[in-house]
Every structure is written in structure tokens, then in C-alpha cells.
Amino acid sequence: MNAEVRALDTRLCPECPPLPEGIEHRLRDRLHLDALRRGARDWRSRLTLGLALIGPGVLVMLGDNDAGGVITYAQTGATYGLGIFLPMMILLGIVAYVVQEMTVRLGAVTRRGHAELIWKRYGAFWGWFSLIDLVVANVLTLMTEFIGIRLGGQALGLSPWLTVPASLAFITYVLVFLRYWTWERISLFIAVFNLIFVPLALYSHPDWHAVTRAFVGQGWIVPGGFLSLTFLILISANIGTTIAPWQLFFQQSCVVDKGLLPRDIRAGRRDLLIGVIGMVLVAMALIVLAAKTLKGMPDAQDLNAGAVLAALRAKLGDGMMALFALGLMEAGFIASIVITASSAWAIGEAFDIDRSINAPPRRALGFYLPAMLGTALAAIVVMIPGLPLGFLNLSVQVIATVFMPAAMLFLLMLLNDRELMGEHVNSPRRNAVSIAIMAGLILCNGLYGIATLFPHTLGG
Amino acid sequence: MKPLREFDPEVIRRLIEEEGWHEPLPEVRLVQLTAGQRMLFWGLRAYVLVMAAVVVWAFVHGTGG
């Protein structure tokens, strides 16, 4: 944020002290929350307050169920049915909560974004590393989002020359021309449609007995074993679609731009928990749906969106296929919105320029433009004919897992920095759990690497 | 949501002072990583490069399990 200060317009507040430039919108958002907190105590007012406090957590977790994730979950259900991956979603949800909760504390206490803290605390050298990691991973991920938008739209009879540019235009509009509060509300509205997969799963009339058995360890059939390449790829992809570097940068910066403070940490955790529950529900719904409709298809682990949609049409009819296609488009759409925002914030923080969604474009072109260019590049690439889309999706998810330990290391170091965090530093238990998560990621990736390069070494 | 001008100036002033919006953020001091931390980061950096190469290799060879 620009460090220049000036007096708030004297017509608004004659007695107010000087404030940093561009704080008015954030102040208005805080005044709105303050009024709700001090207002009536009836259920309607409390619900309004609760909804006003929702934002970063729900967006990051429902944005997490992106187009690539939808296909990954479909591949998972198609390959392993109602088995180990169902209860594993709960575990991954817990992992996501543990990791993302740290960004809530970090953002609320320091009032600085993730990229800014890395840059200022550890220097430009490591700042550049983390920024390049993020931007590269984000552009790759955005490609999978636009692939989802394109393929979902094509299933509905819409030309990609309409859906992809229109999506890009909308993403640009909401980020560049709306203020934070409006951008957040519109994004939340879009994110809620992520839940469309839940009624779809119910409509497929799954075997609920088998679903229940999966949660008590029965029916965990893993063809090829736990060290098979298929299993390792899918588990890496499932992890990569649950936690990814962009989520760390996004949620922390979003917390800062929303103006959350230490007093709001509990609300931030609640927001995150709601998001995690939504994410896990949708992931499970997709696995259940795929297990019912796609199990037994050849090369299930390599299914692309087109094959998934065709199979759904055959098994559930045009209507349900259309709903899935809409859900796929929505997943790509909401993820594109939040990932673009994460790039914008990270780049703005790295170069210490005006970096709030509240900033008007004429004042913050350096904040908006690089992120929009990255998103536009992703949109352009997916329009190239003949692009091998199938394995790209899984590769991007696995790459997210690969980048994650390095991103988590910075996060852990910052959360243990008492000079920055004061009483809000990580507890030893939180550190132990986080390190275990990092070790698990590295182990998983390592096994995937060995199984890929030396297929028979692990006996899978 | 009502615009800023519709809020009572006294309420605005109270909130600014209560939540510290007028105070500059504490400076973030640059720290040097220890030798151990640098080794850990470079190790992770090497791991990222190796794994990214593996993923690209798998992608190019269509190795999907």
C-alpha cells in the first residue's frame, strides 16, 4: 500500500487523523462490519454479520475445486470407485485447514500479504524465487481453468470463441473496475454454484451402503497397490488440487484487502472452515458421481472432460450432463477469478506498488496489468488447436504439489517469527503437524518420481 | 452498503483510532537466513527442479499410469 498519507476528506471527518492513501473503501467496509457488530442481536442481524465476515476462506476453498480438480476427482472416482479416496477427502480437508489457517493469522496480524512478507523479511533473492514459482504455477493452472470453461461450454453448444473471451472479459471487469467488497460478493455468489455437484451426485442414486463402508475401511480396492504409478499420480493430483501455492498467497492478501485484524481471526477461521466443508462435500460428491457413472471405463485415470461429459450424457441424460458442464465452467470461472487476484496481489506486493482491489485502474495499472496479461496468456494458449489437454490437467495438479513444500517452508518460518507475529506465533504442535504435511508431500512426490522413471522399482 | 459520507464522523474517527488505521505498519526488518536455512531452501529448490523435470518428462512421454 502506498505509504503516502493525507487527511481524510474534511467533509467526511474533520477530526480524523491523516490516513494512508486509498484507505477509504477499506474504512467503509470496516465501518459496515462495526455497525453490524454494534447493531441488533436478533438472528437476522447475526446472520448478516456472519455473511459479511465470510470471504477469503470460502473463496479460497471453493476456488480450490477448480476445473482441473473436477476432472481429477472424476478420474479418481472412475479409477478407484467408492474407496479410499472418499475418506481421504476429509483428511485432505483437515490438511487444507491447517495450512490455510496460518495465512489468516499471518495476514490479520501483520496486515501484509504473503509475497510482501517474503520479500521484505528474506530479501529480493528469495522473493523472486517465490514470485516466479507462483506466477508460473498460476499461469499453468489458469490454462486448465480455461480448458474447463471451453470444454464445458462446448458441451452446451457454446463456441469457445465466445466462452473463453467472455470469461476473460468478466474476470478483468470484476477485478479491475469493482471495489473489493463488490468483487468479493460477486465472487462468493459464483463460488456457491460449485455445490451443484452435490445434487448431481444425489441424482445418480449411488450405493449409499458402499459409501458408508468406504468410511470404515471397507471396499478399499487399489488395483496395482499403493505404490502403483496410477495411485501415486492420483494421490499427488488430489493433494495438489487441495493445497496449492496460490492459495497461500491468495488468502493472506485477501484477508489484508478485506481489512481483517487480529480480533477477526476467529471469524476468519470460521470462514475457512465453511469453505473447507464446502470443498470436501463437492470433492466427495464428484467421486461418488464418478464412481456411479464412470467406473469401469477404459483408462479411467486418463479421462478428459470430454469423455466424462459423454459418459454422463449416456448414463444420466442430457439434462444432468448439462448441469455437470455448467459446474465445470463455474469451477474454471471462480478459480480463474481468485487465481488472477492472487497473481495481482503477489506482484503488487513484490514491487511495493498500490495493490488493493479497491484501487482505481488509473492509479494501479501496475497492479492489475501483469496479472491480467498472465490470465490472457492462459486463455490464448487453450485456444490453440491440437493442444494435448488430457495429461496437462494431472501434470498441473502434480506440479502444484511439487511447489508446495517450498511455499510452506516460507509460511512456517514467518509463522514462527515472534518479531512479526507476537503472541500469534505457531504452537509447537502446529509446527509438528505442518512439518509432517510437508514431509508427506515430499514423500508422495518422491514416490511418484520413482514410479514414473523406474516403473517396476516399487512393484506397482 | 452505505457510502462513507453517510457515517457519523465521530464513528469514523473512533474506528480509525480503535483499529489503528492511522498508524503506519511496523517495519519488516530484513533478516539473513542461517546457513542451515539456506541449505534447506536450496535443497527444496533442487527438489522442485528435479520433480518438475520428471513431470515434464512424464508429460512428453504420455506416462499416465
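Cβ screening of chain A for cysteine pairs under 4.7 Å finds these without a partner: A:254, A:444. On a 0 to 90 degree scale, rounded to 10, what angle separates helix A:390-415 from the longest Cα axis of chain A? Long axis of A:390-415 versus the principal axis of chain A: about 40 degrees. The orientation-averaged projected area of the convex hull spanned by the Cα atoms of the range B:4-61 comes to 9.2 nm².
Per-peptide packing, taken as the mean over residues of other Cβ atoms within 10 Å, places A:68-74, A:272-278, A:48-54 in the sequence A:68-74, A:272-278, A:48-54 from highest down.
Exposure here means at most 13 other Cβ atoms within 10 Å; with GluC sites (Glu not before Pro) in a DSSP loop as sites, the longest stretch of chain A lacking them is A:16-460.
Using a simple spin-label model with pseudo-atoms 7 Å out from Cα toward Cβ, residue A:318 and residue A:47 lie 3.8 nm apart. Think of it as helices only: each DSSP H run of n ≥ 4 in the protein assembly as shown is worth -39500 (n - 2.57), and spread over all residues that comes to -24000 deg cm²/dmol at 222 nm.
Rounded to whole numbers, the Karplus 3J(HN,Hα) couplings from phi for the range A:253-270 are 5, 5, 4, 5, 5, 6, x, 6, 10, x, 5, 9, 4, 4, 5, x, 5, 5 Hz, using 6.51 cos²θ - 1.76 cosθ + 1.60 with θ = phi - 60°, and x at Gly and Pro. Where the centre of each part is set by its Cα atoms, how far does chain B sit from the range A:261-339, in angstrom? Going from one Cα centre to the other spans 27 Å. Amide H contacts under 5 Å for residue A:19: A:6, A:7, A:8, restricted to partners 5 or more places along the chain or on a different chain, H placed in the peptide plane at 1.01 Å from N. Ordered by the count of other Cβ atoms within 10 Å of each Cβ, fewest first, A:292, A:315 give A:315, A:292. Rounded to the nearest 10 degrees, the inclination of helix A:305-316 to the longest alpha-carbon principal axis of chain A is 70 degrees. The angle between the Cα long axis of helix A:67-80 and the longest principal axis of the Cα atoms of chain A comes to about 30 degrees, rounded to the nearest 10. Ordering A:45, A:427 by the number of other Cβ atoms within 10 Å of each residue's own Cβ, fewest first, gives A:427, A:45.
Counting every other Cβ atom within 10 Å of each residue's Cβ, A:102, A:438, B:39 order from fewest to most as B:39, A:438, A:102.
With contacts taken as Cα pairs under 8 Å at a separation of at least 6 residues, chain A carries a relative contact order of 33 percent. Taking the range A:213-232 and a reference point 7 angstrom along Cα→Cβ of residue A:90, the backbone N atoms nearer than 19 Å belong to A:213-221. Here the spin labels are modelled as points 7 Å beyond Cα on the Cα-Cβ line, and at residue B:49 and residue A:351 they lie 2.7 nm apart.
Every read-out reported here was derived from the displayed coordinates using simple, explicitly stated rules and does not represent laboratory data. As the structure is a computational prediction, the values presented were derived from the model and not from experiment. Here the Cβ is made from the backbone with ideal geometry for all residues, glycine too, and neighbour counts use every protein chain on show.
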